[in-house]
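What follows is a set of notes on a single structure, which appears directly below.
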Amino acid sequence: MSLYEILIDQWDSAAIRHRSPDALTALEQGHVLFMPRLKFATTPAEATLFTPAILGGAKNASYDPRTDRLGGTTLAGAEADRLRALMRRFSAAAADLVAALLPDYRGSVVQARASFRPAEIAGRATSWRKDDTRLHVDSFPATPSGGRRILRLFTNVNPEGRPRSWRIGGAFEPIARRYDRQLRMPWPGSARLLALVGVTKSPRSAYDALMLQLHDAMKADEEFQQRTEQTRIEFPAGTTWLAFTDEVSHAATAGQYQLEQTFLLPVAAMRDPDRSPLRVLERLKNRRLA
Ligand SMILES: [Fe+2]
């Protein structure tokens with residue numbers, strides 16, 4: 001794993017493609033695309049949103065660009081409108097960037113939810129399963145990907161100039177092999193049952209079931225957390241990064257005030273689908289999983 005640096009400073013520019021011809025290859029090889037000069041600007045009026053008090057009990061405030069709706073915030077009225085406007089602007093910028101940087105994915109990549117994370121990560125009390133300071137790969141319990149890639153764009157908007165600290169682990173396939181024997185095929189009918197009782201919003205594919213088990217197995221494994229090959233990275237305030245977080249093992253250990261946009265990409269749209277977690281797990285299990 002390494003960072004692949006792209007020295008752009010605009011979210012929407014025809015020049016982006018020429019500055020980063022290998023971005024897609026680097027991304028598909030499991031690198032984090034790091035844009036140290038790409039800052040997301042907020043306005044002075046938006047300073048009132050930069051407090052964890054907007055969250056109530058939620059971990060993040062969320063925004064769905066498909067419906068223009070906010071979630072996870074106690075804000076109402078004009079303040080909610082202010083947050084919605086910020087999120088709408090960020091979601092649009094994120095979509096522009098992905099379209100410019102990864103033109104081969106155009107028409108296939110789907111924009112999902114975005115989030116604003118105003119809470120400090122370090123020292124936050126949570127269960128081990130939800131503890132994102134432990135190395136993990138992303139998998140969504142309620143919204144199965146059905147085998148699609150999870151592509152996430154992050155930008156550090158910390159107003160005090162503090163970095164966001166990550167640990168990044170090794171390649172996906174060796175990690176999947178390490179836990180292969182613990183990853184059990186879901187029993188027939190479980191996908192329909194989970195959707196029926198509302199645990200999932202759509203039936204959970206076998207792939208999603210195995211990825212959730214992998215996510216949990218990594219987080220629960222103290223030896224892995226301590227000893228596995230890993231790199232500490234500090235993303236400075238005013239920088240942006242993009243990665244397939246279903247593949248790149250990551251832990252966010254400290255930081256406050258981040259914007260994140262999630263995209264989903266069908267495996268078939270990849271230049272090299274064989275590298276996807278879906279195909280890796282299918283090779284290990286010797287069957288189709290989604
Ligand atoms: Fe994550």
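The values are calculated or read from the model by the stated rules, or taken from the named source; none is laboratory data. Note that the structure is predicted; figures quoted are calculated from it, not measured. In this analysis, Cβ positions are derived from the backbone assuming ideal geometry, glycine residues included, and neighbour counts consider all displayed protein chains. Accessible surface is based on the protein model in full, side chains and every heavy atom, while ligands, DNA and RNA are left aside. Shrake-Rupley method; radii C 1.70, N 1.55, O 1.52, S 1.80 Å.
Just one of the listed residues (Ser139, Ser165, Ser91) is outside any strand (DSSP E or B), within 16 Å of the ligand (Cβ to nearest atom) and modelled with pLDDT of 95 or more, namely Ser139. Which one of the conditions (1) under 19 Å from the mean Cα position of the chain (by Cα); (2) over 21 Å from Ala114 (Cα atoms); (3) not in a strand (DSSP E or B) does Gly238 fail to meet, given that it meets all the rest? Of the numbered conditions (1) under 19 Å from the mean Cα position of the chain (by Cα); (2) over 21 Å from Ala114 (Cα atoms); (3) not in a strand (DSSP E or B), the odd one out for Gly238 is (2). Scan the range 66-103 for residues that are within 20 Å of the chain's Cα centre (by Cα) and of a type in the set (Gly, Ala, Ser) and the total you get is 9. Only one entry in Thr67, Thr74 is open to solvent by 60 Å² or more (accessible area, probe 1.4 Å), more than 24 Å from Ala243 (Cβ to Cβ) and in contact with a helix residue (DSSP H, G or I) (Cβ under 9 Å, 6 or more places away or on another chain), namely Thr74. Going by what's in this entry, would Ser62 be described as farther than 21 Å from Pro163 by Cβ and at pLDDT 95 or above? Considered against the rule, which asks whether it is farther than 21 Å from Pro163 by Cβ and at pLDDT 95 or above, Ser62 comes out as yes.
For Thr245, are the conditions met, namely being within 16 Å of the ligand (Cβ to nearest atom), under 29 Å from Thr42 (Cβ atoms) and hydroxyl-bearing (Ser, Thr, Tyr)? So Thr245 passes the test. For the range 134-156, a tally of residues being touching a helix residue (DSSP H, G or I) at 6+ places or on another chain (Cβ under 9 Å) and under 30 Å from Pro44 (Cβ atoms) returns 2. Taken as a whole, the condition of being outside any loop (DSSP other than H, G, I, E, B), at pLDDT 95 or above and more than 23 Å from Phe116 (Cβ to Cβ) does not apply to Arg192. Scoring Gly147 on the criteria (1) within 16 Å of the ligand (Cβ to nearest atom); (2) open to solvent by less than 40 Å² (accessible area, probe 1.4 Å) leaves a single failure, condition (1).
Identify, please: which residue in the range 214-233 is more than 17 Å from the chain's Cα centre (by Cα) and part of a strand (DSSP E or B) and is, among those, farthest from Lys39 (Cα to Cα)? Going through the qualifying residues, I end up with Gln230. Among the residues making up the range 195-213, those that are in a loop (DSSP other than H, G, I, E, B) and either loosely packed, with under 13 Cβ neighbours inside 10 Å or in contact with a His (Cβ under 7 Å, 6 or more places away or on another chain) (or both) are Val197, Gly198, Val199, Lys201.
Checked against the criterion of being over 20 Å from Leu97 (Cβ atoms) and surrounded by fewer than 12 Cβ atoms within 10 Å (Cβ to Cβ), the candidates Ala45, Ala80, Ala58 yield just one match: Ala45. When the range 112-123 is examined, which residues are found to be part of a loop (DSSP other than H, G, I, E, B) and within 14 Å of the ligand (Cβ to nearest atom)? Of everything in the range 112-123, just one residue is part of a loop (DSSP other than H, G, I, E, B) and within 14 Å of the ligand (Cβ to nearest atom), namely Ile121.
For the range 168-177, the count of residues that are touching a residue at least 24 places away in the same chain (Cβ under 8 Å), within 16 Å of the ligand (Cβ to nearest atom) and over 23 Å from Leu284 (Cα atoms) is nonzero. Would you say Lys59 is over 21 Å from Pro236 (Cα atoms) and touching a residue at least 40 places away in the same chain (Cβ under 8 Å)? Yes: the conditions hold for Lys59. Residue count for the range 25-69, restricted to those that are part of a strand (DSSP E or B) and over 22 Å from Pro159 (Cα atoms): 4.
Taking the criterion of being under 29 Å from Phe50 (Cα atoms), outside any strand (DSSP E or B) and not aliphatic (A, V, I, L, M), the residues of the range 241-290 that qualify are Thr245, Asp246, Ser249, Gly255, Gln256, Tyr257.
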